[in-house]
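Here the structure comes first, spelled out in C-alpha cells, and everything after it is commentary.
The values are calculated or read from the model by the stated rules, or taken from the named source; none is laboratory data. The structure displayed is predicted, hence computed values, not measured ones. With ideal geometry, Cβ positions are generated from the backbone for all residues, glycine too; neighbour counts draw on all protein chains shown. Remember, those area values only see protein heavy atoms, side chains included, never the ligands or the DNA or RNA. Shrake-Rupley method; radii C 1.70, N 1.55, O 1.52, S 1.80 Å.
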Amino acid sequence: MDVLNKAYGQVAELFRSMTPGARMTAAMLLVTIVVSLTYLFVFQIHTADEYLFGSRDFSQAELDAMQSAFAAARLDEFEVVGKRIRVPHSKLVDYLQALSQSNFLPQNFDSAIDEALAKSNSIIDSKPLQDYRFSQASQKKFGQVIAALAGIDTATAQFQEVPKGGFPPQVERKATVAVRGTAGRELSPTLVQAVRTAASGWFGIQPHDVTIIDLNGNVTFGGDLATREPNGPSTPYADAKRWYESYWKSKIEDCLAVYPGVVVGVNVELDPETDNESKKVTVDTQPIALESNTYTKTSESRPAAGGRPGAVPNEVPSNTPRDITSLTSQATTLDENREEQVSVAGHQQTISKKASLVPSSVTATVLVPKSHLTKLWHQRNPVAAGTEPKEPTDAELQPIERDVTDKITKAVVRTLPPQDPTAPAASLVEVSSYEDLPPATLAGPTATASALAWMTDNWHRLALFGIGIVSLLMIRSMVRTHAPAAPSAAPALAVVAPPEDTSEPAAALEAPALNRRARASGASLRDELTAMVREDPDAAANVLRTWIGDAA
C-alpha cells in the first residue's frame, strides 16, 4: 500500500504541476493508448472472421446467388475462400439477413424432392404433371450429388424416355450428364467412370446409355465404342485385360512393399475364346438293351352241334318230353408268342466347359531405384570412425544389384499364376535398376515477400501499436519536462566566509563547506559547483584553483 500511495502522490503532484494544455494532451494520449490496447487484445479477438453456415462448401450456383444477395445489401467485406464464404463476425447477422431477404437457403440433396412435394396437389394436378415434377426433381438431386464429388464443381443431368412404337410399346431411355471440373481441370478417367456408374444406377439404365459432357475439355464421352472413352474401348476382352493387370500389379506391389520406390508393370495376355465347351463319347463293343417287349397269345375254338329245326331241337320250353341226344364236340387251341428288343451300342459321354478370357501369359517388369542399392552398400560397408563416407562405384553396386534381382525374381515368380514350367524365370520377370533423381524443391518465399505479406495482414495492428508507442514517448517527454526541480540551497550556505583573523586562505575554507553542503543536500558535487559558478563566480574560481593546486 505504501508503494501505491507513494506512486499516487507522485502522479498527483506531477498532474498539478502541468499546465491545462499539457493536462488535456496527456489525458487524450492516455485514452488513445487504452483504446489501442483494447482493440488489439479484445476487439480483434471477438471480431475475427468466420465462415457462413458452419464452414460448409457451396456450389458455384449457390456462390453466385449469395454474392448477388450481398451486393443488393451493399455488403462487401466478405471473402470467397475455395467453395466457402468468410465474413466478419461482427457483421454475421447482416449477411444472414441479406440472404434471408433474397430467399436464399443452402440446398441439400433432398431440397428438390421437398420442393416437388410442396407443389404437388393430387386433386388439381394430373398424374403426368406430377410424374414430370418428380422426374425433374430427381434429375436436379442427381446433379447435386455429382457436384459434391471431389474434383467436380457443377453438374446437371437430363433423363429422357423416347417411345419407339411397336406392340407392346417400346421405350428408349437415355441420360446425359454435363459436368464441369474444379479450377478448369478436365475430367479424369476415374471421375468419368464414377459419373457413368452413378447415372446408370440412378436412372436404371445401361452404362452405354449414358453420355457424359466435359464442359472444361469440350469432350463428350458416349457409351458406344465409336466415341472416345477415357479407359479405352469397353469390350469384354479389354475390360478383362485391365482387371487382370490391375489385380496382378497390386499383388506384386504388396509383395515388394519392403523395397521403397519400386516400380511395377504387368502385362497379361488372355485366351481370346469367349466360349469353350468340349464333349467326349466312348463307344462300347457290347450293345446295351434299352427296351424289351414280350407278347404271348393263346386261343381255343369249339364248333356248336347242329340239328333239325323246331321247338324240340332248339330247346323251346314245352310240356312235351324232349329227347336228349349226346353230340360229339371238337376243340382247337392256338398259342402265339412274340418278343421285341431295342439295343444300342454302349458308350460314355463327357461334357466339359472352360472359363472364358482366362490369362494365358502374365509377365512383369520391376524397376528398383539405385538409391536403395546405395543404402544397402552403406549398410554392408559401414564407415569407420573419423573417416568421411564415400559413394560406391558401379562395379561395387553390381553384386548388390544381382542379389536384389535374384530375390525379387523369385518372389514375383511365386506370386504369378502357374504357367509353362519349362519357361525360364527371366522370360516372366525382368528386374532392372533406374536412377532416381531427387525431386525438384520449390523455392520458398523470400524474406521480403514474407515481410510484405505479414505487414499487409497486420498493418492496422502495427499502426495502433505505433500510435501507442508514440503516445507513451510523448507522455514520458512531458513528464520529464514538467518534473519539479531539486531544491537548491541558499547562496549564503554555499560559501562560508572566512574570519578576518585567520591565517588560512579563504579557498581552504570554501572547499570543505562545499563538500559538507553536497553531503547534506544529497546533490552531486557537479550540480553544486554549477550552482556556485552561476551565483558566485569568484568563489567557484577559488575552489577550482585550490583543487588544481592540490592535484599538482
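PHE465 passes every criterion in (1) of a type outside the set (Lys, Arg); (2) modelled with pLDDT of 60 or more; (3) over 30 Å from VAL31 (Cβ atoms); (4) open to solvent by 90 Å² or more (accessible area, probe 1.4 Å) apart from (3). Scanning region 79-97 for residues that are assigned to a helix (DSSP H, G or I) and not hydrophobic (A, V, I, L, M, F, W, C) yields a count of 6.
When you look at LEU373, is it farther than 30 Å from GLU300 by Cα, at pLDDT 90 or above and of a type outside the set (Gly, Ala, Ser), yes or no? In short, yes. Taken together, the residues in region 393-421 that are open to solvent by 90 Å² or more (accessible area, probe 1.4 Å), in a helix (DSSP H, G or I) and of a type outside the set (Asp, Glu) amount to 5.
Condition check ((1) small (Gly, Ala, Ser); (2) at pLDDT below 75; (3) part of a strand (DSSP E or B); (4) exposed (fewer than 10 other Cβ atoms within 10 Å of the Cβ)) across all residues:
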site	(1), (2), (3), (4)
THR294	no, no, yes, yes
ARG308	no, yes, no, yes
ASN319	no, yes, no, yes
ALA364	yes, no, yes, no
LEU367	no, no, yes, no
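Counting residues in region 48-69 that are at pLDDT 80 or above, open to solvent by less than 60 Å² (accessible area, probe 1.4 Å), under 28 Å from ARG461 (Cα atoms) and not acidic (Asp, Glu) gives one or more.
What number of residues within region 142-156 satisfy the criterion of being open to solvent by 50 Å² or more (accessible area, probe 1.4 Å) and either of a type in the set (Ser, Thr, Tyr) or in a helix (DSSP H, G or I) (or both)?
Of the residues in region 142-156, 1 are open to solvent by 50 Å² or more (accessible area, probe 1.4 Å) and either of a type in the set (Ser, Thr, Tyr) or in a helix (DSSP H, G or I) (or both).
Just checking, does region 89-103 include any residue being polar (S, T, N, Q), at pLDDT 75 or above, closer than 23 Å to ALA148 by Cα and open to solvent by less than 80 Å² (accessible area, probe 1.4 Å)? For region 89-103, residues polar (S, T, N, Q), at pLDDT 75 or above, closer than 23 Å to ALA148 by Cα and open to solvent by less than 80 Å² (accessible area, probe 1.4 Å): absent. Would you mind stating whether GLU300 is exposed (fewer than 11 other Cβ atoms within 10 Å of the Cβ), at pLDDT below 90 and either among the charged types (D, E, K, R) or within 30 Å of PRO236 (Cα to Cα) (or both)? Yes. Within region 157-190, the set of residues being under 17 Å from ILE205 (Cβ atoms) and buried (at least 19 other Cβ atoms within 10 Å of the Cβ) comprises ALA157, PHE159, ALA175, VAL177.
Restricted to strands (runs of 3 or more DSSP E) entirely inside region 165-258, those with at least 3 residues that are modelled with pLDDT of 85 or more are 170-181, 210-214.
On the stretch given as region 153-172, residues that are within 19 Å of LEU191 (Cα to Cα) and out of contact with any Gly (no Cβ under 6 Å at 6 or more places or on another chain) total 3.
Take the conditions open to solvent by 60 Å² or more (accessible area, probe 1.4 Å) and in a loop (DSSP other than H, G, I, E, B) and apply them to ASP436. Does it pass? So ASP436 fails the test. Of the set (1) of a type outside the set (Val, Ile, Thr); (2) in a helix (DSSP H, G or I); (3) loosely packed, with under 13 Cβ neighbours inside 10 Å, all apply to ASP76 but (2).
The C-beta contact set for region 398-424 (first residue without any contact (Cβ under 8 Å) to a residue 24 or more places away in the chain and closer than 18 Å to ASP254 by Cβ, second residue open to solvent by 90 Å² or more (accessible area, probe 1.4 Å) and of a type in the set (Val, Ile, Thr), distance under 7 angstrom, 6+ apart or interchain) is empty.
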